[in-house]
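Okay, so here's the structure we're looking at.
The values are calculated or read from the model by the stated rules, or taken from the named source; none is laboratory data. The shown structure was predicted, so the numbers you read here are calculated from the model rather than taken from an experiment. Neighbour counts run over all protein chains shown; Cβ positions are idealised from the backbone, glycine included. Side chains are part of the model used for accessible areas, which takes the heavy atoms of the whole protein and leaves out ligands, DNA and RNA. Shrake-Rupley method; radii C 1.70, N 1.55, O 1.52, S 1.80 Å.
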Amino acid sequence: MEPDSSGATAPDADDETIIVRIRGGDAEAYRHLVRRHQPRLFRYAVRMTGDADVAMDLVQNAFIRAYERLDQCREPGRFGQWALAILANESRHHLRRRRRYQPLDRHTASPSPGFGPARQAEQRELLDILSGALAQLPVDQREAFLLRHMEGLTYADISGMTGASVSALKQRVHRARETLEVLLQEIR
Amino acid sequence: MHTQLHEYLEGERAASSLSEDLRGAASDWDALLDAVRAPERPLPWLEGRVMHAVAAHVARPGWRAWLGALPRPRYAAAVAAVVVIAAAVLLRPAAPTPSAAPPAAVDAAAIFVQFALEAPGARTVSVTGSFNQWSSRATPLTDVDGDGVWTALVPLGPGVHQYMFVVDEVEWVTDPRAGRYVDDGFGRNNAVIAVAMPSSPAS
């Protein structure tokens, strides 16, 4: 969509249009990318870390890094996935820097809009249970599981993001499911 | 976990082709994945914080390289350095947004100050001072790349500010490289930084 007559970037312009504007000097247009993609990135960071405060810092840093490296975004139309890759890297480094295993704080999720109260309560309870189970997965399994089943990425995409082979990623997801199945049966 | 269930979750098998005893488990997994995919609502001030950093980057794109050039001691002691972003960053007032725990509001004219502390092994580092009501949690520093150097860009209004660093929420550290100190009345010294607006705005 073309910018409006004032020269400002329309908030519903596609990612590629916005990035063209930013590269042309309109730094303020980056706000639209942040606003558009922060829910997805924040959800990923919360699931990976279990801590909303840490997730906010990771997401903030990822967006800043993405801005600083915007000239390296080769597919501007897929900015969201590219920013997610930066965040996944940040999250992985953060979790591996932990000196010892720390039980993840259970972040209270926002229920899906449009669900009735009973369904929302059920979903919140499920997510609480799942958060505890996810915390017990090794970082690489948790990451692969979330990118595959939460983000819906293909194994080829995940391989591009993480550097791991497709076969290794399939193994990680397989093991994550096996472990979660056992943990969830124990918890329930 | 049954192979058919893995295949179903990979999208390689339809639910209708699952054996009867697995359909319940498949349904449980569907509910679980719906919960995983439930949206999260980030705090509304995230956008403001990112855009403040973007504005600082625009004013001085090489600040990270400058930070990397700071000398580091060979011993693992905390050494703090405060680097003042040379150019003034004049911000448009931020649009009001609802927030549960907003950071300090940014004045219409503010100088971004880079606080940096080398504290390898620290779990948390924050800067506390007269500009954030001496809150030990309001202004955290981050060690983005895990090299032990913690940083934060903090917008400060013109004037004189006192500050200290707080490491791991318990250890108060005086900036040894500050130009001035004042006795804090508790046996420690607060570092002092004076911020002055430049005579002309940065381009």
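Side notes on the structure shown:
- Any hit, segment A:7-29, residues being in a helix (DSSP H, G or I), closer than 20 Å to A:E143 by Cβ and either open to solvent by less than 70 Å² (accessible area, probe 1.4 Å) or modelled with pLDDT of 90 or more (or both): no
- Scan segment B:112-161 for residues that are open to solvent by 20 Å² or more (accessible area, probe 1.4 Å) and among the aromatic types (F, W, Y) and the total you get is 3.
- Within segment A:42-101, the residues that satisfy the criterion of being β-branched (V, I, T) and open to solvent by 10 Å² or more (accessible area, probe 1.4 Å) are A:V54, A:I64, A:I86.
- Of all residues making up segment B:136-160, the number that are free of Cβ contacts under 8 Å to residues at least 60 places away in the same chain and within 11 Å of another protein chain (Cβ to nearest Cβ): 11
- Residues in segment A:30-55 that are modelled with pLDDT under 90, of a type in the set (D, E, K, R) and touching a helix residue (DSSP H, G or I) at 6+ places or on another chain (Cβ under 8 Å): 0 in all.
- Within segment A:50-94, the set of residues being over 23 Å from A:A164 (Cα atoms), in contact with an Asp or Glu (Cβ under 7 Å, 6 or more places away or on another chain) and more than 10 Å from every other protein chain (Cβ to nearest Cβ) comprises A:G50, A:D51, A:P76, A:G77.
- Filter result for B:L141 (modelled with pLDDT of 85 or more and more than 16 Å from B:A191 (Cα to Cα)): yes
- Residue in segment B:36-45 that is more than 8 Å from chain A (Cβ to nearest Cβ) and open to solvent by 40 Å² or more (accessible area, probe 1.4 Å) present: yes
- In segment A:74-177, counting only helices (runs of 4 or more DSSP H) that sit wholly within it, the ones holding 1 or more residues that are among the basic types (K, R) and modelled with pLDDT under 80 span A:79-97, A:117-135.
- Taken across segment A:52-63, residues that are more than 13 Å from A:I86 (Cβ to Cβ), assigned to a helix (DSSP H, G or I), without any contact (Cβ under 8 Å) to a residue 60 or more places away in the chain and touching a Lys or Arg at 6+ places or on another chain (Cβ under 8 Å) do not occur at all.
- Every pair of residues 6+ apart whose Cβ atoms lie under 7 Å, when the first sits in segment B:21-45 and is in a helix (DSSP H, G or I) while the second is open to solvent by 30 Å² or more (accessible area, probe 1.4 Å): B:L22/B:H2; B:L22/B:Q4; B:R23/B:A15; B:A26/B:Y8; B:A26/B:A15
- So B:D183, is it closer than 24 Å to A:R96 by Cβ, at pLDDT below 85 and open to solvent by 50 Å² or more (accessible area, probe 1.4 Å): no
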